[in-house]
Amino acid sequence: MRIRIKWSRGETTGTLDDTPTARLLAEALPVTSTANTWGAEVYFEVPVKAKLDANPKQVVDAGTICFWVQGSSLALPYGPTPVSEGNECRLVTAVNVLGKLDGDPKELASIRDGDSITVESA
C-alpha cells in the first residue's frame, strides 16, 4: 500500500509492506496528529494498537517507516537519535518495521515539534 505523509513545509510518500501492523495502520487512515522530534527522528501518535511483530528492530535504515508499540506512534528516522552509536538510526526501543519512504528521508528535517502531520492513502 502507498501512503502520503504531509506537513506544512513538505510531503513525502512511502510504501507499506504487507504486515499485520501495516494493515492496522492502513485501516486507520487518514490520520492527523502532532509531530514530535527526537534527534533525527519524527514520531507521532496514530490510532493503532499492536504488539511487537516476530522480528522487531531497534536499528533501521534512514527512511524506514516504523511503528513504536509502546507509544502507539509512527516513527520515521532519517539520521542519528540521542541513543545512536555513530551515524546509525537507533530507536528508543525495538519497533515493528512497516515499510520504506520514497526519496530523501532528510526531507523530514523540516518538521518541527508541534507541527500538524497527516498520513493518508496515496
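Tabulated data
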{"quantity": "J(HN,Hα) series, the stretch 83-90, from Karplus relation 6.51 cos²θ - 1.76 cosθ + 1.60, nearest Hz, glycine and proline x", "calculated": "9, 5, 10, x, 9, 5, 9, 10"}
{"quantity": "Calculated over the stretch 1-86: convex hull of Cα atoms, volume per residue (Å³)", "calculated": "103 Å³"}
{"quantity": "Theoretical gain in end-to-end length, GLU11 to ASP102 [0.36 nm per residue, Cα-Cα removed]", "calculated": "31.7 nm"}
{"quantity": "Cβ crowding within 10 Å averaged over residues, with 98-107, 85-94, 70-79 ranked highest first", "calculated": "70-79, 98-107, 85-94"}
{"quantity": "Integer Hz, Karplus 6.51/-1.76/1.60 couplings in order for the stretch 32-46, x for Gly and Pro", "calculated": "10, 9, 10, 6, 10, 10, 8, x, 9, 9, 10, 9, 7, 5, 9"}
{"quantity": "Mean residue ellipticity (222 nm) of the chain, computed from DSSP H runs ≥ 4 via -39,500 (n - 2.57), nearest 500", "calculated": "-2000 deg cm²/dmol"}
{"quantity": "Percent accessible area from carbon and sulfur atoms, the chain, protein chains only, probe 1.4 Å", "calculated": "50 percent"}
{"quantity": "Per residue solvent-accessible surface (Å²) - the stretch 4-122, probe of 1.4 Å", "calculated": "48 Å²"}
{"quantity": "Gain in span if fully extended, MET1 to LYS51, counting 0.36 nm per residue against the direct Cα distance", "calculated": "15.9 nm"}
{"quantity": "Relative contact order %, the stretch 1-87, counting alpha carbon pairs below 8 Å whose residues are six or more apart", "calculated": "24 percent"}
{"quantity": "Residues with amide H under 5 Å from that of LEU98, placed H, sequence gap 5 or more", "calculated": "ILE65, CYS66, PHE67"}
{"quantity": "Lysine pairs meeting the criterion (Cα under 25 Å, 8 or more apart or interchain), as found in the stretch 1-108", "calculated": "8"}
{"quantity": "Compactness of the stretch 36-122 - radius of gyration and Dmax, Cα, Å", "calculated": "12.0, 34"}
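The values are calculated or read from the model by the stated rules, or taken from the named source; none is laboratory data. Note that the coordinates shown come from a computational prediction; the quantities given were computed from them, not determined experimentally. Heads up, the Cβs are rebuilt from the backbone with ideal geometry, glycines too, and the neighbour counts pull from every protein chain shown. The accessibility values were calculated without ligands, DNA or RNA, using every heavy atom of the protein model including side chains. Shrake-Rupley method; radii C 1.70, N 1.55, O 1.52, S 1.80 Å.
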